[in-house]
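Note sheet for the following structure.
None of the figures in this text is laboratory data; all of them are computed from the coordinates on show. The shown structure was predicted, so the numbers you read here are calculated from the model rather than taken from an experiment. Counting neighbours? That spans all protein chains shown, and the Cβs are built from the backbone with ideal geometry, glycine included.
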Amino acid sequence: KRDLLLTINPPQQPEKQEISVKEDLTKEQQNILEKAIAAKDYFLLGGPPGTGKTSKMLKHFAQHILENTKENLLLLAYTNRAVDEICEAIESIHPDLKNQYVRIGSKYSTSPKFRERLLSYKTEQIARRSELREIIVGHRVFVSTLSSFTSKRDLLQLKKFHRVVIDEASQILEPALVGLLPNFERYILIGDHKQLPAVVVQNEDDSVVENADLKAIGLHNLRNSFFERLYKRCVENKWDWAYAKLSHQ
């Protein structure tokens, strides 16, 4: 896993996997969705705003996992606004799903529409640890910002998440992700490093990397996100099974 994160080793090549045609997806979106589902290690989804990365791609990916596997799914984003959009996408799959996922976070940063899905809301009436365990084990999908989930990483001792999808990944710096991702069998990172890069206050000259070993794995500046480095390395090494870019609004 370390060599995979450092891009010393390429991601495994998947076996081609076809899924039923989704009427609300373009041919491009359908093809990319199949690649994302088939990915054995990781998949990088890029594309400018408005191309359906969350409302279409993440939604149909989650739907496929829920309907065709027994896997647990963790959905993360950088901002609470994006987490609200993820909740909207999940509930658009089927109305019953609103009671089948848990959101981690504060009610003050959660849209009122989704506050009843919060872990704090679902657990406020419980009195025993066994009841807490039942809630955690009984929900296959958890949704959170990266920062909120990082503050509750004890969940990883109680529940195994087979896959994680991280939206807005191009805004997240490398140290925030590389220690978390080895906890999952597979991960999908969604972002757009050309339009939504990480916001860093530090001067660009002060964050330049001089170490030759780090430059060899594409780490040239500490201001860049893990998504950006991984995406560029995939393009550079022609690991075309591990990334794709949406091109149509």
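Side notes on the structure shown:
- Projected label points at GLU23 and LYS159, each 7 Å from Cα along the beta carbon direction, are separated by 3.3 nanometres.
- Net length gained if the chain between ASN211 and SER130 were fully extended (0.36 nm per residue, minus Cα distance): 24.2 nm
- Other-chain or far-sequence residues with amide H under 5 Å of ASP192's (modelled H): SER170
- What separates the Cα centres of segment 92-134 and segment 213-249 is a distance of 35 Å.
- Derived scalar couplings between HN and Hα for segment 99-109 equal 9, 10, 9, 10, 10, 9, x, 9, 5, 6, 10 Hz in order, rounded to whole Hz, by the Karplus curve 6.51 cos²θ - 1.76 cosθ + 1.60 (θ = phi - 60°), x for Gly and Pro.
- Cut-off 13 Å between beta-carbons: net charge of the residues surrounding PHE114, Lys and Arg +1, Asp and Glu -1: +3
- Pairs from the table (LYS70/LYS194; LYS40/LYS107; LYS53/LYS232; LYS152/LYS215; LYS113/LYS194) lying more than 26 angstrom apart at Cα are LYS70/LYS194; LYS40/LYS107; LYS152/LYS215; LYS113/LYS194.
- Karplus (6.51, -1.76, 1.60) ³J(HN,Hα), θ = phi - 60°, over segment 211-216, in Hz, Gly and Pro reported as x: 5, 5, 5, 6, 5, 5
- Phi-based couplings in Hz for segment 125-141 (Karplus 6.51, -1.76, 1.60; Gly and Pro marked x): 9, 7, 10, 10, 4, 4, 5, 5, 4, 4, 5, 5, 6, x, 10, 7, 10
- Under 5 Å from the amide H of ASP41 lie the amide H atoms of GLN12, each residue being 5 or more positions distant or on a separate chain, with H modelled from the backbone and absent for Pro and chain starts.
- 5 angstrom amide H check on SER225, placed H, neighbours 5+ away: ALA198
- FRET efficiency for the pair GLN202 and ASP96, taken as 1/(1 + (r/R0)^6) with r the Cβ-Cβ distance and R0 = 51 Å, rounds to 0.65.
- For segment 104-249, the dipole from Cβ point charges (+1 on Lys and Arg, -1 on Asp and Glu) about the Cα centre works out to 840 debye, to the nearest 20.
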